[in-house]
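The values are calculated or read from the model by the stated rules, or taken from the named source; none is laboratory data. This structure is a prediction, so every number in the text was calculated from the model and none was measured. Methodologically, a virtual Cβ is constructed for each residue, glycine included, from the backbone with ideal geometry; neighbour enumeration extends over all protein chains shown. Heavy atoms of the whole protein, side chains included, go into the accessibility calculation; ligands, DNA and RNA do not. Shrake-Rupley method; radii C 1.70, N 1.55, O 1.52, S 1.80 Å.
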Amino acid sequence: MNEQKLPHGARILVVRLSAIGDVLHSTAVVHNLKRLVPDCHVTWLVSPPASILLENNPDIDRLLVWDRRTFDKAAEHLDLRTVRQTLKEAAALLHQYEFDIALDIQGLFLSGMLTRMSRAPRRIGIHERHEGNFLFMTEMAPDIPERHKVRRYMTALAPLGIGPEDFEPGLVLKLPDTYEEFAEKFFADKKVTLHDPQRPLLLVNTRTTWPDKNWPPEFFGRALANLPENIQIVFTGAPSDQVYIERAQQEMEGRASLSIAGQTSLLELAAIFRESDLLLTGDTGPLYIAEAVGLPTLSLWGPTHPGIYGPLTKGHHFILSPNKCTTCCKTKCRHRTNACMNAIKPGTVTKALLGLLYH
């Protein structure tokens, strides 16, 4: 750690509004800050639905929740009255408190405005995006060649005397005590066994928020069809994922499986993850929930890359598309083929799953 550049008991605002994976990535920043400077006071400004993942975070002293979804919808429809009203509400929320330093680890024009509204005399931005965010900052963190998002977010601490050599990887998601026995009771009703080496529990998440990060549901089914019957297969997801889960199940040739899509909240899902054996997923929020609660994963990558977004802790394994066109980081395939994800073969995934479940 370099010479500390923080006043005693510094009041620090962190601005990271969304999304689930990015918010969880950012918990690593706050955890390292609190680990190294335990007397600082951390306030975090966040938006639902990711806010629920921070409610019990031991590194956060105060959580401020502002729903950006209303702002985004109004901006999309050029509803300037609602845009102004939502920003006034954000300003009123922030002006209840005083901050010495504000860290914007989102890098958007919107997050820059909110950071400026905090009235913190020091406002530190990161070299993450180019949307005029720097206009609202008093200083910018150093740019680095490192691609991984968590390490880039960590640069926000460099002006405070915390360098890359101080970084310890790991995401933070603390569940309330009321979730201690949730998974056991939930799965008992569904005749699913936990913690049985002879009957490992494989969770499967079939969908992501980006269309081109999705592996075809039929491929999921073919990969799972050849697993031994003693492996318990449980599909997770949102209610809207059920149609894709059913398409995967149709390809499983009668192989037993269970869907719990839409039956859990985010925290209940985290509680289930904590008690399971392995998660098969794409690059999406549940991958980072799994990392935060210690569930090993096998994740599939095409338009994004694990070297940029993937878990940095042990127990996580990646299959990167062999297609020559990968890592475009676009939400929709510019070729309209999703060739990168389609190039991952079901047999490759089956082999990897067997190796991880029977290592």
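Worth a mention:
- Scanning segment 158-197 for residues that are within 22 Å of the chain's Cα centre (by Cα) and farther than 19 Å from A290 by Cα, we see that the one that is surrounded by the most Cβ atoms within 10 Å (Cβ to Cβ) is F167.
- Condition check for A156: part of a helix (DSSP H, G or I), modelled with pLDDT of 95 or more and under 21 Å from V29 (Cα atoms): yes
- Qualifying residue in segment 65-72 (condition: under 23 Å from G161 (Cα atoms), of a type in the set (V, I, T) and touching a strand residue (DSSP E or B) at 6+ places or on another chain (Cβ under 7 Å)): no
- Residues satisfying the stated conditions in segment 110-138, i.e. assigned to a helix (DSSP H, G or I) and farther than 18 Å from D67 by Cβ: G112, R116, N133, F134, L135, F136
- Consider segment 243-265 and keep the residues that are outside any helix (DSSP H, G or I) and acidic (D, E). The one that is most open to solvent (accessible area, probe 1.4 Å) is E253.
- The listed residue being in contact (Cβ under 8 Å) with a residue 24 or more places away in the chain, open to solvent by less than 10 Å² (accessible area, probe 1.4 Å) and in a loop (DSSP other than H, G, I, E, B), out of L6, L17: L17
- So T178, is it closer than 30 Å to R119 by Cα, part of a helix (DSSP H, G or I) and of a type in the set (S, T, Y): no
- Top-ranked residue in segment 87-125 [being in contact with a Phe, Trp or Tyr (Cβ under 7 Å, 6 or more places away or on another chain) and open to solvent by less than 10 Å² (accessible area, probe 1.4 Å); ranked as farthest from I20 (Cα to Cα)]: A120
- The residues of segment 54-63 that are buried (at least 18 other Cβ atoms within 10 Å of the Cβ) and either under 12 Å from L17 (Cα atoms) or modelled with pLDDT under 95 (or both) amount to a single one, L54.
- Any hit, segment 152-159, residues being touching a residue at least 60 places away in the same chain (Cβ under 8 Å) and polar (S, T, N, Q): no
- In segment 20-50, the residue that is nearest to Q106 (Cα to Cα) out of those that are open to solvent by 10 Å² or more (accessible area, probe 1.4 Å) and in contact with a strand residue (DSSP E or B) (Cβ under 9 Å, 6 or more places away or on another chain) is P48.
- For segment 77-114, a residue qualifies if it is among the β-branched types (V, I, T), more than 25 Å from P145 (Cβ to Cβ) and in contact (Cβ under 8 Å) with a residue 24 or more places away in the chain, and exactly one does: I101.
- Test result for K314, of a type outside the set (G, A, S) and more than 19 Å from G170 (Cβ to Cβ): no
- Residue in segment 232-242 that is surrounded by 22 or more Cβ atoms within 10 Å (Cβ to Cβ) and at positive phi present: yes
- Condition met for E146 (touching a Gly at 6+ places or on another chain (Cβ under 6 Å) and not in a helix (DSSP H, G or I)): no
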